[in-house]
Structure formats: C-alpha cells, structure tokens
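The values are calculated or read from the model by the stated rules, or taken from the named source; none is laboratory data. Quick caveat, the model's predicted, so the values are computed rather than measured. Reconstructed Cβ throughout: ideal geometry from the backbone, glycine too, with neighbour counts over all protein chains shown. Quick note on the areas: whole protein, heavy atoms, side chains included, nothing else; ligands and nucleic acids left out. Shrake-Rupley method; radii C 1.70, N 1.55, O 1.52, S 1.80 Å.
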Amino acid sequence: MQDLSFTVDSLTEICKNTFTSPIEERIIKLEGFYSPGNNKKYGGVYYDVLHDENKLSKFTLVVPAKLREDLVSKQYYVFEGHLNKTTNNFNDGIIKLQFKATKVKGRKDEFQFITKAEFSVVQERFKRPIPFLDQLLLEKILSNQKPVINIITGSTSIVGEDYRGQLTDSEFYTINEHQVNLSNSQEISKKIKLLSKVESDMLIVMRGGGSGLEIFNDVALCKASLECSMPFVTAIGHKEDVTLLEKCADKGFGTPTAFGSFLQNLVDRYRNQITDTEIK
C-alpha cells in the first residue's frame, strides 16, 4: 500500500469536523516545524508541538524521550507515526489532534508548500475507497483468471523494458500498453478518461526519470485520475521523485522496475500458496 505523507495544514484540513478517518491507525508521515512543549515527561513521552509555517495549524506531537534527544526547536522535520484524535474532558465536541511519532524520517532545510488547488485534489483522493491492490490481484490469479492491466506510457518510451525485465512470468497477466505524448497533460487526461471506461483491474501511468516530471503536478490531470472506476497507479521517475499525481494515486511505485517486481512477487506468492495447499 502506498505510503501516506502530509503537511500539518493539509492533514488538519482533512481531519477537520470529523471524528473518524480512514487514515487513523495507519502508519503515515507528517511534516512541519517542531516546537518543544513544557519539557515535562509523562509515561516516557513528551507532548510537544508540530505546526505549519504561520502556526495556524498544529498537532500535539507525542514524542518518545529517545527520539526527542536530537530534535531542534523551529526546525522542519518529517516524522513517521500514527494519527490519534480525542475530545476534551469537558465534552464540548472539540476534536484534539495528536500525532504519535515512532520515527524521525529526516530534517528538511528546503521544502515546498502545497497550493490550495493542489491540496483540494489530494483531499478528494481520500474520499475514494483505498483498495488492497495486492490482495485483489492475487485473488484473481488464485481463481485462474488473468488480471487486466492498462499501462499509459510515452510514445517513444522504453521504460516498458524496465518492468518487463522484472516480470519473468508475464503470462499470468493481460497487459495492454497505450502510448501517448507524456509532455501533454491534456492528452494524458484524455487517455485516462478513455481507459477508465474500459473494464480492467488497474490503470497505471508509467514514465522514467529525467526532466519534465512537473507535467504530473497538473491539477486537471490529477482530477482525471480521481474519476477512474478502477484502481489508479503510478510508476513515475526515480524513487525520490514524488509528483502530485502519485499523491492522488491508489498506489505509487518509485520506478517502473519496482512495479514489475510487484507483479512478479504476486506470482511468487501464488506459487507458494499452491505449494502449501498441495503439501497439506
């Protein structure tokens, strides 16, 4: 399942006015500016603050004592942990947001803030059900059916070789590659909308690394991906490249090679289950 990553203000907006959330109890990443609390430890943890640039949005950051030793006030950090929401003791319905940190993933000296338009698209993504993609595909293979996968790739792209190089058992899938001009967001959007009407188990946009990845931050393109009736997946760039389209996807692979490894791993799991069944 795709890693979920948020800024303080974006997660605050998602959680606002709702007590339940599909991301509660899931491991997520949360980034923002760190400020220490009152320096009193309770039960082995400190209750500090993680906030946005203007301190308009903030979370209570529950930090284990060991993690806190290296944290510096007013620095921008990326934490991994769990979201927790409670109401106060006066029962007035006010929701308090806490983030229980389990890891410090890094500190950022340079960062970009998501725009309001970009955030609205990411927020829409969380209105979609989150599919358990590996389970869906594996169940189909176990029932002797071939999952149908539609891939959107570049007109002159050779990244298909990357995923096919990892997928030695491609006969377990029906894979259709559709070539478009990946430097034209309208053409990509048009192809996504067209293939969304075709019955399949997955629709994926695939591209290698290099320049021009900013096309995948186009808001209209991301909105088109959210209209897909099947799971929408990306395998764009290198592992460190995270586009807005990937944030809107049901699952994002760091590279086309990683996508091929994912498909082959499902075949390997299928064979292991068949072997275990035969032994029993």
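If you check I215, I274, which single one turns out to be loosely packed, with under 14 Cβ neighbours inside 10 Å, aliphatic (A, V, I, L, M) and outside any strand (DSSP E or B)? Let's see the steps before the verdict.
On the way: I215 fails: loosely packed, with under 14 Cβ neighbours inside 10 Å.
Exactly one of I215, I274 is loosely packed, with under 14 Cβ neighbours inside 10 Å, aliphatic (A, V, I, L, M) and outside any strand (DSSP E or B), namely I274.
Looking only at segment 43-58, which residues are at pLDDT 90 or above and not in a loop (DSSP other than H, G, I, E, B)?
V45, Y46, Y47, D48, V49, L50
Would you please name the residue that is surrounded by the fewest Cβ atoms within 10 Å (Cβ to Cβ), looking only at residues in segment 30-60 that are of a type in the set (A, V, I, L, M, F, W, C) and touching a His at 6+ places or on another chain (Cβ under 9 Å)? Walk me through it before giving the result.
Residues of segment 30-60 of a type in the set (A, V, I, L, M, F, W, C): 30, 33, 45, 49-50, 56, 59.
When the remaining residues are screened for being touching a His at 6+ places or on another chain (Cβ under 9 Å), the result is 33, 59.
On the way: F33: 18, F59: 25.
So the residue we want is F33.
Yes or no, residue by residue, for (1) of a type in the set (A, V, I, L, M, F, W, C); (2) over 21 Å from T257 (Cβ atoms); (3) touching a Lys or Arg at 6+ places or on another chain (Cβ under 6 Å):
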position: L133; (1), (2), (3): yes, no, yes
position: K140; (1), (2), (3): no, yes, no
position: R164; (1), (2), (3): no, no, no
position: Q186; (1), (2), (3): no, yes, no
position: I192; (1), (2), (3): yes, yes, no
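What number goes with the only condition from (1) open to solvent by 10 Å² or more (accessible area, probe 1.4 Å); (2) more than 14 Å from the chain's Cα centre (by Cα) that L203 does not pass?
Just one mismatch for L203, condition (1).
Hey, F19 hits all of (1) open to solvent by 30 Å² or more (accessible area, probe 1.4 Å); (2) at pLDDT 80 or above but one; which does it fall short on?
Just one mismatch for F19, condition (2).
Of everything in segment 64-102 that's of a type in the set (A, V, I, L, M, F, W, C) and more than 24 Å from the chain's Cα centre (by Cα), which residue is modelled with the lowest pLDDT? Let's see the steps before the verdict.
So the first thing to find is which residues in segment 64-102 are of a type in the set (A, V, I, L, M, F, W, C), and the list is 65, 67, 71-72, 78-79, 83, 90, 94-95, 97, 99, 101.
Those left that are additionally more than 24 Å from the chain's Cα centre (by Cα): 65, 67, 71-72, 90, 94-95.
Values: A65: 93, L67: 93, L71: 94, V72: 91, F90: 49, I94: 57, I95: 59.
Per the stated criteria, the residue is F90.
What do you reckon, is A258 over 18 Å from N150 (Cα atoms), at pLDDT below 95 and part of a helix (DSSP H, G or I)?
Details: over 18 Å from N150 (Cα atoms): no; at pLDDT below 95: yes; part of a helix (DSSP H, G or I): yes.
Criteria not met by A258.
Sort out which residues of segment 191-212 are assigned to a loop (DSSP other than H, G, I, E, B) and of a type in the set (A, V, I, L, M), and write them in order of number. Walk me through how you get there before you give the answer.
Our first condition is that a residue be assigned to a loop (DSSP other than H, G, I, E, B); within segment 191-212, this holds for 196-201, 208-212.
Passing the criteria: only V198.
Restricting the search to segment 232-254, which residues are part of a loop (DSSP other than H, G, I, E, B) and either surrounded by fewer than 22 Cβ atoms within 10 Å (Cβ to Cβ) or of a type in the set (G, A, S) (or both)?
From segment 232-254, those part of a loop (DSSP other than H, G, I, E, B) are 237-243, 249-250, 254; that's our starting set.
Those that are part of a loop (DSSP other than H, G, I, E, B) and either surrounded by fewer than 22 Cβ atoms within 10 Å (Cβ to Cβ) or of a type in the set (G, A, S) (or both): G237, H238, K239, E240, D241, V242, A249, G254.
Among (1) open to solvent by less than 40 Å² (accessible area, probe 1.4 Å); (2) part of a helix (DSSP H, G or I); (3) under 19 Å from V121 (Cβ atoms), which single condition is L266 missing?
For L266, the exception is condition (3).
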